[in-house]
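Peer 1: Got a structure for you, written out below as structure tokens; questions coming shortly.
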Amino acid sequence: MTLQESELIATRGARPPQLDPSLQHGTKGVNVGTGERLLSVVVGLGLVGYGLRRRTVPSLLLALAGGSILHRGLTGRSRAFALMGMTEVAGEPGVAFELSATLLKPRQEVYQAWRDFERHPRFIPNLLSVRNLEGGRSHWVFQGPAGVLLEWDSQVTEDTPGQRIEWNTLPGSKLPHTGTVRFEDAPGGRGTVVHLALHYHLPGGRAAAVAAKLLGEEPKQYLSRGLRQFKQLLETGEVATVDSQPHGQRSRLGRTLAPRS
């Protein structure tokens, strides 16, 4: 499985930066949406409380990051966005990554297994439930960093059997993202290559993304493990586990802050 490094990118269609001196100094200009402000408060409070309870140097650093996220939610202003001239949520930077894996199964079989969204909690860590709705929509519940529950409704925007699935989240989702999964025949007819690409916005913005990375709880890490377990499930009929905990592969800091029992 290969992984390309995540990077901050501007949302497609975002306008070129228009720098306003007042925004550069952070004196005015709300540039964070109402829904994300609420989520920033929730995530920020969670990180601050978590860090202060632990009272270790790494956890206190997380508490500081949580304070930054909390301030962002309470004021509705992001200095990073202002410096880049971003005054609308639509122009917010996101995180993008790509994953791929080769499965020793026919392409149509792999496609059908992935298209069964309600089956995804079997192989994606911390994905608690998926419920199919009407019209290509589905409702997802995920346990994010610091135990925060993230829910979203997803809409399939392209579905080419055996080849490609595209989707995006609907307004009001707590983890806004777009994604694509492609299915290709592996060289020599040896199975199927699955290409997964995701572009997401983590509640709390860049500071929350940094905190999630430190804890080993960013979407990239969960989906990397999830794709490996998807391969195991299709090839062997079961997912090999080493413990009963639903965490993704976490960083050393994450294991220090929240050791497994």
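Peer 1: Per-residue HN-Hα couplings for segment 115-124, Karplus 6.51 cos²θ - 1.76 cosθ + 1.60 at θ = phi - 60°, whole Hz, x for Gly and Pro?
Peer 2: Per-residue couplings from phi come out as 5, 7, 4, 5, 8, 4, x, 6, 10, 9 Hz.
Peer 1: Using the C-alpha gyration tensor of segment 100-142, what are the square roots of 5 times its eigenvalues, in whole angstrom, with the largest one first?
Peer 2: 21, 14, 7
Peer 1: How would D185, D153 line up by accessible area, probe 1.4 Å, largest first?
Peer 2: Sorted descending by solvent-accessible area, the residues read D185, D153.
Peer 1: Hey, what's the Kirkwood Rh for segment 134-190 if you take every pair of different alpha carbons, in angstrom?
Peer 2: Averaging 1/r across every pair of different Cα atoms and inverting gives 13.1 Å.
The values are calculated or read from the model by the stated rules, or taken from the named source; none is laboratory data. Quick caveat: nothing in here was measured; it's all calculated off a predicted structure. Calculation scope for accessible area: heavy atoms of the full protein, side chains included, ligands and nucleic acids excluded. Shrake-Rupley method; radii C 1.70, N 1.55, O 1.52, S 1.80 Å.
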